[in-house]
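Colleague: Before I ask anything, here is the structure I am working with.
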Amino acid sequence: MSDLTKLKVSSSPHIRTSDSTRQIMLDVVIALMPSLAISIFVFGLRSLTMVLTSVCGCAFFEWLYCRTLRKPVTVSDCSCIVTGVLLAFCMPVAAPLWLVLIGDAFAIIVVKMLYGGLGKNFMNPALAGRAFLMASFPVMMTLWTKARTALPLFVTPDVVTAATPLSALTESGNFHLPDATLLDLALGMTGGCLGETSALALIAGGLYLLYRRVITLHIPLSYLGTVAALTFLFPHGNAPASFMLTHLLSGGLMLGAIFMATDYSSSPVTKKGQIIYGVGCGAITVFIRYFGSYSEGVSYAILIMNACTFLIEKVTMPTKFGYVKPVKAKGGDEK
Amino acid sequence: MAFTFKGGIHPDDGKRFTAAKQIELLNAPTHVVLPMTMHIGAPCAPLVKVGDHVCLGQKIADTEAPVSAPIHASVSGTVTEIAPKLHPNGSMVQCIVIENDFQDEPDPSIHALDPDTLTTDEMVAAIREAGIVGHGGAAFPTHTKILSALNKIDNILINGAECEPYITSDYRILLEYPWEVVGGAKILLRMFGLNEVKLGVEMNKQDAFPVLKEYLPQDESIKLCPLTTKYPQGAEKQLIYALTGREVPSGKLPADAGCAVFNVDTAAAIYRLFATGMPVIRRIVTVAGSAIANPKNLEVRVGTPIDQLIAACGGFSEPPNKLLMGGPMMGISLVSDEVPVIKGTNAILAFCKNECVTAKNPVCIRCGKCLAACPMRLAPTYIYNYALKRNVAELERYNTLDCIECGACTYVCPGKLPLVQGIRSGKQLVTDERRKRK
């Protein structure tokens with residue numbers, strides 16, 4: 001008979017899924033790879049340099065924070081890789097590399113770690129990092145280059161800024177659709193942030209996340225649906241369908257709806273709450289694009305809704321199984 | 001179309017190891033250990049002394065308490081010891097030890113009963129005397145359940161969901177003794193004066209459907225209802241919802257939703273009682289898990305020490321890390337293999353590696369998977385956090401006491417938080433506080 005003195009005794013359950021936090025984070029990174037590939041094709045290898053710099057920066061700052069404060073080092077959960085890739089994805093490819101590192105430091109140290117680390121940050125670190133950079137370095141954060149321009153790998157390129165499809169679309173008084181065709185927008189052959197240009201590559205990543213059950217449809221669908229409905233019902237110009245599609249495919253909307261708004265820590269945990277949150281993101285995005293001074297509204301829309309997440313969650317808690325209204329304390333046969 | 005509930009999880013059901021294994025009769029052991037607590041409710045007091053000769057099926061312990069079930073000798077022989085011994089739940093419980101004389105001489109009082117000539121009260125009394133308890137695992141005394149439901153219900157449900165992974169004992173009963181299950185259901189129908197019973201079986205046990213259909217009565221009084229394969233489909237409240245669309249009111253009994261649920265093996269035990277007069281002395285147990293050399297379904301005497309079941313399955317193939325009584329989702333982990341099989345034992349599982357790793361610094365990443373999995377529609381991560389903070393007011397607000405401890409939240413958690421373990425401590429905090437307030 002075997003030695004039974006080493007039997008582990010614990011409270012049930014005694015089995016668990018093989019999913020883990022690290023697996024989920026790596027799945028998100030995998031889902032972002034098609035967009036990175038397109039980005040390298042459109043903007044050259046400098047995209048890769050930007051992304052790698054950002055990932056290393058995020059990992060380094062998280063490690064530095066944990067070591068300095070003598071806390072367990074949490075880099076191995078890989079959530080910093082996701083933040084790193086996403087922050088680089090929402091910057092112009094021509095921005096200097098040191099700017100990426102400043103964004104990383106703000107995202108990881110201020111937004112994520114100071115609030116308690118993974119799962120405790122109430123805002124998406126990558127988006128908050130981008131907002132910080134937009135406020136502090138507005139010129140460098142809008143250095144849009146044309147697609148297929150050769151850029152140096154490490155030194156800051158000297159580029160003349162070109163209009164993005166979205167800025168052409170939302171500039172006040174301009175009711176013309178951009179020059180880029182819908183196909184260009186879907187494939188990503190346009191100017192814009194590093195990882196946001198190809199809607200198709202982002203959707204492919206989103207489908208992978210759905211397949212892996214990392215995300216559900218609630219947030220992306222309610223977000224995109226709201227933007228689609230509002231832009232179709234209140235179009236600029238007289239071609240509502242192509243106006244709507246241009247809005248859906250341009251700017252950071254796909255990146256935001258699929259990868260940013262679905263960030264676990266900063267979005268509601270309840271399904272009903274996720275729908276309200278998605279609709280809110282969509283409405284604010286359209287408001288900023290229509291009426292704001294920025295051409296892009298996705299990042300601020302998501303950040304504003306991040307701040308509402310806790311409240312939304314509180315009011316959308318599911319009704320428990322077998323709930324009986326207090327007045328009918330002596331409930332009969334049926335609920 | 002299969003019936004189901006909202007939420008739940010899909011763990012690997014692990015039933016392939018024993019699903020095809022016919023029930024094997026394990027020889028009666030040289031001695032049986034019968035704890036005075038094999039059920040939910042008051043413990044029994046011994047009716048025999050050391051040295052007494054007992055017959056097979058003789059009542060050897062009983063109590064006056066309404067929620068309890070008497071205990072019977074599962075072998076004939078001599079009482080050799082009445083002393084506290086290790087119970088599967090880890091505590092020391094008064095046990096009667098009987099040395100087997102291998103005569104299997106039945107108690108003279110045992111005789112078959114005719115359900116058609118007995119009144120409902122007489123039938124309930126017979127079930128009480130036979131010590132029948134819920135065989136699904138919780139071991140709630142069946143006569144208490146029937147008494148609480150008489151004249152209040154319009155639905156009898158037979159639970160053949162067997163949603164716990166690895167366990168195949170109910171499945172084998174459906175395949176090999178379908179007439180016992182159907183016969184038990186007919187007796188329940190007569191007892192309650194109703195004309196329909198629903199028998200819910202999960203779709204992963206479809207092979208049993210044609211076998212069962214052969215025995216179902218022509219008048220369609222027993223309906224076979226397929227259930228979606230999902231954990232915890234066999235939880236009482238979830239089964240009632242799946243089959244009737246009713247939700248048992250929070251804090252109330254199934255009878256308050258007009259339902260009574262009986263496990264398939266409980267129904268079979270009722271049938272056997274009326275057919276032979278024999279009280280509960282046997283049990284069908286699945287022995288499986290990665291550390292068991294040759295997994296099997298065994299028919300054993302209640303009170304058989306479990307090391308004999310494991311030996312009958314070729315012993316351990318590897319040193320076990322965990323030994324469980326019951327399923328991997330809600331079973332209890334044993335401290336030793338020197339505990340007896342009790343009435344509620346449906347499985348003995350042994351795993352070689354720890355399959356439930358809890359992270360050293362578990363972190364909730366707020367993925368919301370626990371909320372989606374919770375069959376009671378609670379917010380496990382919230383309850384867990386408030387339990388850690390010992391915040392009783394918030395624990396009450398988030399309906400901590402409604403948790404059925406199915407463990408679905410803990411299973412799905414990618415952050416490896418000990419959710420249900422924390423919620424259990426939260427429940428304790430709430431009940432302590434309520435008691436203080438009274």
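Colleague: In nm, to one decimal, how far is the B:ASN151 label point from the B:ASP121 one, both placed 7 Å along Cα→Cβ?
Modeller: 1.1
Colleague: Something else about it: Quick one: putting +1 on the C-beta of Lys and Arg, -1 on the C-beta of Asp and Glu, what dipole do you get for the protein assembly as shown around its Cα centre, in Debye to the nearest 20?
Modeller: 2460
Colleague: Let me ask another. Assuming 1.567 mPa s and 4 °C, estimate D for region A:21-315 with Stokes-Einstein, Rh taken as the Kirkwood radius over Cα pairs, in µm²/s.
Modeller: Estimated diffusion coefficient is 69 µm²/s.
Colleague: Same structure, new question: Measure nothing fancy, just the Cα-based angle from helix A:46-68's long axis to the longest principal axis of chain A, in degrees from 0 to 90, nearest 10.
Modeller: Between helix and principal axis, roughly 40 degrees.
Colleague: Report the Cα-based extents of the protein assembly as shown along its three principal axes, largest first, to the nearest Å.
Modeller: 104, 55, 54
Colleague: For B:ARG390 and B:VAL50, what does the FRET efficiency come to when R0 = 45 Å and r is the distance between their Cβ atoms, rounded to the nearest 0.05? Write out the running numbers ahead of the final one.
Modeller: Values: r = 48 Å, r/R0 = 1.06.
Efficiency at R0 = 45 Å is approximately 0.40.
Colleague: Can you tell me the FRET efficiency between A:LYS6 and B:VAL357 if r is taken as the Cβ-Cβ distance and R0 is 22 Å, rounded to the nearest 0.05?
Modeller: The calculated FRET efficiency here is 0.85.
Colleague: Then there's this: Of all DSSP beta bridges in the protein assembly as shown, what percent run antiparallel (nearest 5)? Walk me through the numbers before you get to the answer.
Modeller: Details: 37 of 61 bridges.
Around 60 percent antiparallel, to the nearest 5.
Colleague: May I have the extent of the alpha carbons of region B:369-437 along their three principal axes, as whole Å values ordered from largest to smallest?
Modeller: So the three principal-axis extents are 37, 20, 15 Å.
Colleague: Now a separate question. What distance in nm lies between label points placed 7 Å from Cα along the C-beta direction at B:ARG397 and A:LEU114?
Modeller: If labels sit at B:ARG397 and A:LEU114, their model points lie 2.8 nm apart.
Colleague: Something else: Which value, in Å³ per residue, describes the convex hull spanned by the Cα atoms of region B:80-215?
Modeller: Spread over its residues, the Cα hull of region B:80-215 gives 176 Å³ apiece.
Colleague: How large are Rg and Dmax for chain B when calculated on the C-alpha trace, in angstrom?
Modeller: Cα radius of gyration and Dmax of chain B are 21.5, 64 Å respectively.
Colleague: Which three lengths, in whole Å and largest first, does region B:142-259 cover when its Cα atoms are put on their principal axes?
Modeller: In descending order, the Cα extents are 35, 31, 23 Å.
Colleague: Tell me the relative contact order for chain B as a rounded percent, counting alpha carbon contacts under 8 Å between residues six or more apart.
Modeller: Relative contact order, chain B: 19 percent.
Colleague: Note down the nm distance, to one decimal, between modelled labels 7 Å out along Cα→Cβ at A:PHE287 and at B:ASP104.
Modeller: If labels sit at A:PHE287 and B:ASP104, their model points lie 8.0 nm apart.
Colleague: Sort B:LYS223, B:LYS237 by Cβ crowding within 10 Å, fewest neighbours at the top.
Modeller: With the sparsest Cβ surroundings first, the list reads B:LYS223, B:LYS237.
Colleague: Can you say what percent of the DSSP beta bridges in region B:111-276, counting only those with both residues inside, are antiparallel? Round to 5.
Modeller: 5
Colleague: Only Cα pairs within less than 10 Å get springs; with that Gaussian network setup on chain B, which residue of B:ASN361, B:ASN204, B:ASN385 has the largest fluctuation?
Modeller: B:ASN361
Colleague: Then there's this: Cut-off is 10 Å between beta-carbons; in what order do A:ARG16, B:ARG397 appear when sorted fewest neighbours first?
Modeller: B:ARG397, A:ARG16
Colleague: Still on this structure, I have one more. Relative contact order of region B:272-409, please, whole-number percent, based on alpha carbon pairs below 8 angstrom and at least 6 residues apart.
Modeller: For region B:272-409, the relative contact order is 21 percent.
Colleague: Within chain B, which complete DSSP H helices have Cα atoms spanning at least 20 Å along the helix axis and a mean Kyte-Doolittle hydropathy of -0.5 or higher?
Modeller: Helices meeting the criterion: B:178-192.
Colleague: Counting other C-beta atoms within 10 Å, which of B:ILE98, B:ILE404 has the fewest, and how do the rest follow? Spell out each step's value before the answer.
Modeller: Working: B:ILE98 27, B:ILE404 18.
Ranked by crowding around the Cβ, least crowded first: B:ILE404, B:ILE98.
Colleague: Which value in deg cm²/dmol, rounded to the nearest 500, describes the helix-derived mean residue ellipticity at 222 nm for chain A, given -39,500 (n - 2.57) per DSSP H run of n ≥ 4 and division by the residue count?
Modeller: Taking each H run of at least 4 residues, the total per residue is -16000 deg cm²/dmol.
Colleague: Next question, about the same structure. Once you have the alpha carbon radius of gyration of region A:228-335, what is it after dividing by 2.2 N^0.38 Å, with N set to its residue count?
Modeller: In units of the 2.2 N^0.38 Å rule of thumb, it is 1.43.
Colleague: Along the positive direction of the dipole of chain A (beta-carbon charges: Lys, Arg +1; Asp, Glu -1; about the Cα centre), which of A:LEU202, A:VAL28, A:VAL93 reaches farthest?
Modeller: A:VAL28
Colleague: I would also like to ask the following. Within region A:63-103, whose backbone N sits under 15 Å from a point 7 Å along Cα→Cβ of A:ARG212?
Modeller: A:77-86
Colleague: Would you look at the GNM of chain A, springs on alpha carbons closer than 10 Å, and say which of A:PHE321, A:PHE234, A:PHE89 moves the most?
Modeller: A:PHE321
Colleague: Grab the beta carbon distance between A:THR156 and A:LYS325, set R0 = 45 Å, and tell me the FRET efficiency rounded to 0.05.
Modeller: Calculated value: 0.10.
Colleague: Let me ask you something else. How high is the relative contact order of region A:21-315, given as a whole-number percent (alpha carbon pairs under 8 Å, six or more residues apart)?
Modeller: Relative contact order, region A:21-315: 20 percent.
Colleague: Also, I was wondering about something else. Debye calculation, C-alpha points only, no solvent: report log10 I(q)/I(0) for region B:179-334 at q = 0.14, 0.15, 0.20 Å⁻¹, in the same order as the q values.
Modeller: Debye output, listed in q order: -0.90, -1.01, -1.36.
Colleague: Once you treat every alpha carbon in region A:46-172 as an equal point and sum by Debye, what is log10 I(q)/I(0) at q = 0.15, 0.22 Å⁻¹?
Modeller: Per q value, in the given order, log10 I(q)/I(0) is -0.69, -1.21.
Quick note: the coordinates plus some simple rules give every number you see, no bench work behind them. No experiment lies behind these values; they were computed from the predicted model shown. Heads up, the Cβs are rebuilt from the backbone with ideal geometry, glycines too, and the neighbour counts pull from every protein chain shown.
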